[in-house]
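Here is the structure we will look at.
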């Protein structure tokens, strides 16, 4: 299994979406979405090219996206399941470094091109 590295923008995305979930669905809703995120991150660490993920070359070389709904059934927590997940992970696999770098966690209705920088993410990466 590869390690997961979250960029600072990805960390902010996660904090914002968990805050939003808590505000709109309460603490249990936040925990459900947090369990879903953790499961999706484990899923792409285990297999970055897993079924349902896809390469998005128009966003940059080697970039892939993975919709959280693809991990929903594996993320059932004691708090229930997120019925309609609406976020995607935007990531790049770096097998030589044994790392999957998550660049952003974005709502699926967002214009991805507008929210993604195509230059190297190294300047804002922080290991996890």
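The values are calculated or read from the model by the stated rules, or taken from the named source; none is laboratory data. Remember, it's a predicted structure, so these values are computed and weren't measured experimentally. Ideal geometry is used to build each Cβ from the backbone, glycine not excepted, and the neighbour counts take in all protein chains shown.
Data for the structure
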| read-out | value |
| --- | --- |
| Single unsatisfied condition, residue 96 versus (1) modelled with pLDDT of 85 or more; (2) surrounded by 12 or more Cβ atoms within 10 Å (Cβ to Cβ) | (2) |
| Scope the stretch 64-89; condition in a helix (DSSP H, G or I) and in contact (Cβ under 8 Å) with a residue 24 or more places away in the chain; matching residues | 68, 70, 71, 72, 74, 75 |
| Subset tally (residues that are out of contact with any strand residue (DSSP E or B) (no Cβ under 8 Å at 6 or more places or on another chain) and either part of a loop (DSSP other than H, G, I, E, B) or buried (at least 19 other Cβ atoms within 10 Å of the Cβ) (or both)) for the stretch 14-35 | 4 |
| Residue in the stretch 72-88 that is farther than 21 Å from residue 20 by Cα and either surrounded by fewer than 20 Cβ atoms within 10 Å (Cβ to Cβ) or at pLDDT below 90 (or both) present | yes |
| Conditions (1) touching a residue at least 24 places away in the same chain (Cβ under 8 Å); (2) under 20 Å from residue 85 (Cα atoms); (3) touching a strand residue (DSSP E or B) at 6+ places or on another chain (Cβ under 9 Å): number failed by residue 38 | (3) |
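Condition check ((1) in contact with a helix residue (DSSP H, G or I) (Cβ under 7 Å, 6 or more places away or on another chain); (2) over 22 Å from residue 2 (Cα atoms)) across all residues:
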{"residue": "21", "(1), (2)": "yes, yes"}
{"residue": "27", "(1), (2)": "no, yes"}
{"residue": "35", "(1), (2)": "yes, no"}
{"residue": "38", "(1), (2)": "no, no"}
{"residue": "51", "(1), (2)": "no, no"}
{"residue": "81", "(1), (2)": "yes, yes"}
{"residue": "94", "(1), (2)": "no, no"}
